[in-house]
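Please treat every number below as a calculation from the coordinates, not as lab data. All values reported here derive from a predicted model rather than from experimental measurement. Every residue, glycine as well, gets a Cβ built from its backbone with ideal geometry; the counts of neighbours run over all protein chains shown.
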């Protein structure tokens, strides 16, 4: 007759438990590491894809603006900006400024003629390049390049309005009769020009308006910055161009290039106003990490 063992035990010993826990921690640690690496790779890939999309979108905008540069502007000559005062316009410079090396940036702005050594007639051209005339990005030894594109806005039918009066710092616009004449070119889907103060596409303070007309029988063009739009009722609007505007385009004391050259009270029927779009891009060339090639523009 056998005796049953009374000292038999069930379960794991302490050493076995420690070994199992160690192996489990190693497996869990490896899984966490793999998960973390996968998440990091996914984050990098998603951000790289987002950067590529942003670059593609910005490149499309840049190409669009450059391809439209000069559209609707006087061909070849550009638009003369106010001259003869100490306050220089923000946009535009003449080749003589470059020759005299006095078209320099100021207060982070791309193209003022800040100091005058020789003749300088600020001019707004359809496209204005500027090598290292922009801002200085963090960590960059040099300033960024800039390019400014200027063209007329075809989405806002401002030329359909009749310019009835012009003063040195204001202009009165009157809507055409309905239906508008065939000379009024409307954006697709419209049967009548938008209101001058339309909340979506209308004029707002800061917009730049080009006015074309006749002075002494000769064609003349001026630009001014909108500071106020007033609806007078009956399709009549007053657009104010007060001095001390942001771009320094409104200068009643200018000897040339100011709106007052056409301030004849009752301009001829050929006088027309058009909103123009002025867009400046700042381009910074990142150095190539391998030291070869021109680098990557941003």
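Per Stokes-Einstein, at 25 °C and 0.890 mPa s, what whole-number D in µm² s⁻¹ belongs to the range 169-210, with the Kirkwood radius over Cα pairs as the hydrodynamic radius? Each step should come with its number before you reach the end.
Details: Rh = 12.1 Å.
For these conditions, the coefficient is 203 µm²/s.
Taking a ≥ b ≥ c as the square roots of the Cα gyration tensor eigenvalues, with a/c under 1.5 meaning rounded and otherwise prolate when a/b beats b/c, else oblate, which class fits the range 27-92? List each step's numbers first, then the result.
On the way: a/c = 12.80, a/b = 3.28, b/c = 3.91.
In terms of gyration-tensor shape, oblate.
Residue 191 to residue 177: extension gain in nm, 0.36 nm per residue of separation minus the Cα-Cα distance?
Values: separation 14, 0.36 × 14 = 5.04 nm, distance 1.16 nm.
Between residue 191 and residue 177, full extension yields 3.9 nm more.
Can you give me the Cα centroid spacing of the range 177-197 and the range 11-56 in angstrom?
Between the Cα centre of the range 177-197 and that of the range 11-56, the gap is 63 Å.
Under a point spin-label approximation (7 Å from Cα along Cα-to-Cβ), what is the residue 204-residue 60 distance to one decimal in nm?
2.3 nm
For the range 152-281, report the % of Cα-Cα distances exceeding 21 Å. Each step should come with its number before you reach the end.
Working: 3062 of 8385 pairs.
Result for the distance tail: 37 percent.
Report, in cubic angstrom per residue, the convex hull volume of the C-alpha atoms of the range 161-236. Walk me through the numbers on the way to the answer.
Values: hull volume 9.1 nm³, N = 76.
Output value, Cα hull per residue: 120 Å³.
Contour minus end-to-end for residue 32 and residue 155, with contour as 0.36 nm per residue of separation and end-to-end as the Cα-Cα distance? Provide the component values of the computation, followed by the final result.
Values: separation 123, 0.36 × 123 = 44.28 nm, distance 5.54 nm.
Between residue 32 and residue 155, full extension yields an extra 38.7 nm.
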